[in-house]
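*Asks:* Would you mind keeping the following structure in view while I ask a few things?
Derivation of every value follows stated rules applied to the coordinates shown; laboratory data play no part. Just so it is clear, the structure is predicted and the values come from calculations on it, not from any experiment. Ideal geometry is used to build each Cβ from the backbone, glycine not excepted, and the neighbour counts take in all protein chains shown.
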Amino acid sequence: MATAAVELRVGFRFHPTEEELVNYYLNNKIQGHDFNDIIPEMDICSYEPWDLPGFSLIKSGQEWFYFSKPDYKFRNNRSRANRATERGFWKITGKEREIKARESKAVVGKKRTLTFYKGKVRRGQKNNWVIHEYYIPETLLPNAAKQRDFVLCRLKKKDENTEIGACDEGEPRTNDQSDFENLLALVHTAGVPEENTRPEEILGSLFSSRASPELPQSDDYFSSMLRGNF
């Protein structure tokens, strides 16, 4: 019997942390506890990415969650899986990331980023559909051979005008400088020694100077702060 979709009230979101996705939802799913009223179980590659949101049980935001059983190419080798759909394929992009517990910092799982390509493997065209695939390595599972094998998929669709890089874990590429990079630019202008590279050292050097450094007349946050206009 199909489970009805859950319509959350305005302002509410299903937005678990990565630790919660792995340590609670995925870990319990592998051990035999289902969450059929929240996260459906389905074969991701039996559908195209644009069809998957229709199967989501929680209608909230622009993220959709699914449990899926990997289709391994070789029975005794879990390092390679089939990820082809009828009209394209999912490709691993970027580096694999560890998911760590917030308090203990222990590794509880790992995350791969998959980007969807339309067409055949050698001539595929990348588009804006991305999956973060969470899994728990066998080394972290007691009696792994006796347990169910699942991954947890977090589906997203990026904005049409957002470029998705091959090594940026599916996040938008940006050319904006960080606040720390802007601070470093002020350091060179103010004549602070280059060996002071940490933010607290930089600010300490600037404020300890008897003569106020000549700062560029810009409206950025750090310039205003160092002039005392905050």
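*Asks:* So what's the net charge close to His15: Lys and Arg +1, Asp and Glu -1, counting the other residues with Cβ under 12 Å from its Cβ? Could you put the intermediate results ahead of the total?
*Replies:* Values: positive: Arg13, Arg154; negative: Glu18, Glu20, Glu63.
Residues near His15 contribute -1 overall.
*Asks:* If you don't mind, there's one more thing I want to ask. Label Lys59 and Glu103 with points 7 Å out from Cα along Cα→Cβ: what is the distance between them in nm?
*Replies:* With each label placed 7 Å out from Cα toward Cβ, I get 3.8 nm.
*Asks:* State the extension gain, in nm to one decimal, for the chain segment bounded by Glu86 and Asn36, taking 0.36 nm per residue of separation less the distance between their alpha-carbons.
*Replies:* 15.4 nm
*Asks:* For the range 6-157, what's the radius of gyration and Dmax over Cα atoms, in angstrom?
*Replies:* Computed over the Cα atoms of the range 6-157, radius of gyration and Dmax are 15.5, 47 Å.
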